[in-house]
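Peer 1: The structure under discussion is supplied below as structure tokens; questions concerning it will follow.
What follows draws every value from the coordinates through simple rules; no lab data is involved. The structure presented is a predicted model; accordingly, all values stated were derived computationally and were not measured. Neighbour counts are summed over all protein chains in view; Cβ atoms, including those assigned to glycine, are modelled from backbone coordinates with ideal geometry.
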Amino acid sequence: MVSEPPLPPSISAQLKYLLVHSPHPFRIEQIWSGCKNSRFSDRFTLLVPFCLDYVKWDIIYNAFYPFSAPDIVFLLDDEEFRPLLPVSDREGGAEIQARLMRSSLWDWNSKDPSRLFKLVHEMRDLYVQYQRRRVGEVNDARLKFEISTILSREGIEVCLISGPDKSEEVKFVVPLLDVNLNKLVHACPWKQEQKIYLQVVFPVSKSYSLAPLAPRIKLVSSSQLKDLLSVEDVKLPSWVDGMCMAEYLPSLEDTLIVQVMEAVAFVGARRRFIEALVSKFGRPLEADPIFCRKATILAVTGVFTFLVHFSLSTHFPKQQPTLILQSSQHFNSQGAPIMSPPLNNYPWSPRWDAAEMVERIFDFLVKECTSFKTYCLDAVVQ
């Protein structure tokens, strides 16, 4: 498969600036050229994050005129989204002109690497407003009430979901906790701000019902947050009949902040455990210094040398570490070191201090290493 030619330097600089500096996780699906046998590509499909999903926009430059502003091609499903066209028949030429002059397309400067960044964020903000207008036109009394009571909350996104083989639904995405999660963990490596969202999906009812169906609700988080907290493990409060989101959110956030602070405390417990390994095993060969989820130590018994990999879950110490032993002397037919199955059949109590936890694991490994050596010898013979 022949790879596409690169983007011109000026366009490449604008795209890089967007991907590096945006608070939203934009992605590129493909890059291609609008001309055959061209030295440069001049267009790409941009995946625009919206409502915990992505919409695809084609960004079309012209490789022969790389200093000109790009065109943006939106999805066919969004044919009514015309951000720079008249919003009504009554809008006059002066109003249209004023809106165009406020646009990032006006007086385009290709030498400014932030111009694409500004244009795409401007279009995304207008797209959020467009989806809000679509939902506001839905003839559903409950949804109109939800919109009137919740949309003033900062950061909420909402969209209408429809299709030929499914009933209409409205999805709300609500950012939770007015807390900077990145600052809760020392030396946190996250580049983008981590967030937790409540996703609420309401079925659209064409006529008002005294007993409307409860919405589908779930927590969703930024992908990197799983190193600290798995939101799938958070038990959601029950949704009571007749409840609205404005009533539901306070109890949910109270529950969630307790879980987050507990997860932060667990980082400290894992760190103390890894530090306690030194007394019995010596200094670890490797250890996760930030979230303290992994550590590896070198163990020796006689002439048999092996590694012990510790994997600590976000629920440590409630959940004991999983151990995997890896021989330094025995290899399978593919040349890979022989490793044990995951081990967690050793004594454990979350109430023990870190020193006792390590001592119990040490005593277990003193006995287990003989079985593991036999396991390695058998594996080599096979």
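Peer 1: Got the relative contact order for the chain handy, in percent, Cα pairs under 8 Å and 6 or more residues apart?
Peer 2: That works out to 8 percent.
Peer 1: Please give, to one decimal in nm, the separation of the simple spin-label points placed at V258 and S3, each 7 Å out from Cα toward the Cβ.
Peer 2: Rounded to a tenth, the inter-label distance reads 5.3 nm.
Peer 1: Would you please give the residues with an amide H less than 5 Å from that of S41, counting only those at least 5 places away or on a separate chain, with H modeled from the backbone geometry?
Peer 2: Sorted by chain and number, the residues that satisfy this are L7.
Peer 1: I would also like to ask the following. What FRET efficiency would be calculated for the residue pair Q319, T370, taking the C-beta separation as r and a Förster radius of 30 Å, to the nearest 0.05?
Peer 2: It comes out at approximately 0.65.
Peer 1: Among the lysines, which have Cα under 29 Å from the Cα of K191 when same-chain residues fewer than 8 positions away are ignored?
Peer 2: K16, K56, K111, K118, K171, K183, K218, K226, K235, K294
Peer 1: Check each of the GluC sites (Glu not before Pro) in the stretch 94-179 and keep only those in coil by DSSP with at most 12 other C-beta atoms within 10 angstrom; list them in order.
Peer 2: Answer in residue order: E137, E154.
Peer 1: Here is a follow-up. Could you give the length gained by full extension between V201 and R283, i.e. 0.36 nm per residue of separation minus their alpha carbon distance, to one decimal place?
Peer 2: 24.5 nm
Peer 1: Of the listed values (i) 51, 31, 19; (ii) 37, 22, 19; (iii) 31, 27, 18, identify the label whose number matches semi-axes √(5λ) of the Cα gyration tensor in Å calculated from this model.
Peer 2: Matching the structure shown: (i).
Peer 1: Exposed loop sites here are chymotrypsin sites (Phe, Trp or Tyr not before Pro) in DSSP loop states with at most 12 other C-beta atoms within 10 Å. What is the longest stretch of the chain lacking them? Before the final figure, lay out the partial values.
Peer 2: Working: sites that count: F64, W106, Y208.
Longest gap between qualifying sites, sites excluded: 209-382.
Peer 1: I'd like the Karplus ³J(HN,Hα) series for the stretch 67-80: coefficients 6.51, -1.76, 1.60, θ = phi - 60°, whole numbers in Hz, and an x wherever there's a Gly or Pro.
Peer 2: Each residue's phi maps through the Karplus curve to give 8, 8, 5, x, 8, 10, 9, 8, 5, 4, 5, 10, 5, 7 Hz.
Peer 1: Using the Karplus equation 6.51 cos²θ - 1.76 cosθ + 1.60 (θ = phi - 60°), what ³J(HN,Hα) coupling, rounded to whole Hz, does each residue of the stretch 38-54 give in order, writing x for Gly and Pro?
Peer 2: 7, 5, 10, 7, 9, 7, 7, 9, 9, 8, 9, x, 7, 6, 6, 9, 10
Peer 1: How much FRET efficiency would the formula 1/(1 + (r/R0)^6) give for K294 and F67, where r is the Cβ-Cβ distance and R0 is 30 Å, rounded to 0.05? Mind showing how you got there, number by number?
Peer 2: Values: r = 49 Å, r/R0 = 1.64.
Computed FRET efficiency for K294 and F67 comes out at 0.05.
Peer 1: Using each residue's phi in the stretch 162-175, evaluate 6.51 cos²θ - 1.76 cosθ + 1.60 at θ = phi - 60° and report the 3J(HN,Hα) Karplus result to the nearest Hz, with x for Gly and Pro.
Peer 2: Rounded to whole hertz, the list is 8, x, x, 10, 8, 6, 5, 9, 10, 10, 9, 10, 10, x.
Peer 1: Can you give the helix-only mean residue ellipticity at 222 nm for the chain, where every DSSP H stretch with n ≥ 4 adds -39500 (n - 2.57) and the sum goes over all residues, rounded to the nearest 500 deg cm²/dmol?
Peer 2: -11000 deg cm²/dmol
Peer 1: What's the longest piece of the chain with no exposed trypsin sites (Lys or Arg not before Pro), counting a site as exposed if DSSP puts it in a loop and it has at most 10 other beta carbons within 10 Å?
Peer 2: 236-350
Peer 1: Could you calculate the contour length gain from R39 to D363, that is, 0.36 nm times the residue separation minus the distance between their Cα atoms, to one decimal place in nm?
Peer 2: Fully extending the segment from R39 to D363 adds 110.1 nm.
Peer 1: Round to the nearest 0.05 the FRET efficiency obtained for D125 and I161 when R0 = 30 Å and r is the Cβ-Cβ distance.
Peer 2: Numbers: r = 21 Å, r/R0 = 0.70.
So the FRET efficiency works out to roughly 0.90.
Peer 1: Starting from the amide H of H330, placed 1.01 Å from N in the peptide plane, find each other amide H under 5 Å away whose residue is 5 or more places distant or on another chain.
Peer 2: The answer is I338.
Peer 1: Please give the length that would be gained between W352 and L377 if that part of the chain were fully extended, namely 0.36 nm times their separation in residues minus their C-alpha to C-alpha distance (nm, one decimal). Before the final figure, lay out the partial values.
Peer 2: Values: separation 25, 0.36 × 25 = 9.00 nm, distance 3.54 nm.
Length gained, W352 through L377: 5.5 nm.
Peer 1: With contacts defined as alpha carbon pairs under 8 Å and 6 or more residues apart, what's the relative contact order of the stretch 249-382 in percent? Numbers along the way, then the final one.
Peer 2: On the way: 186 pairs, mean separation 24.8, N = 134.
This gives 18 percent for the stretch 249-382.
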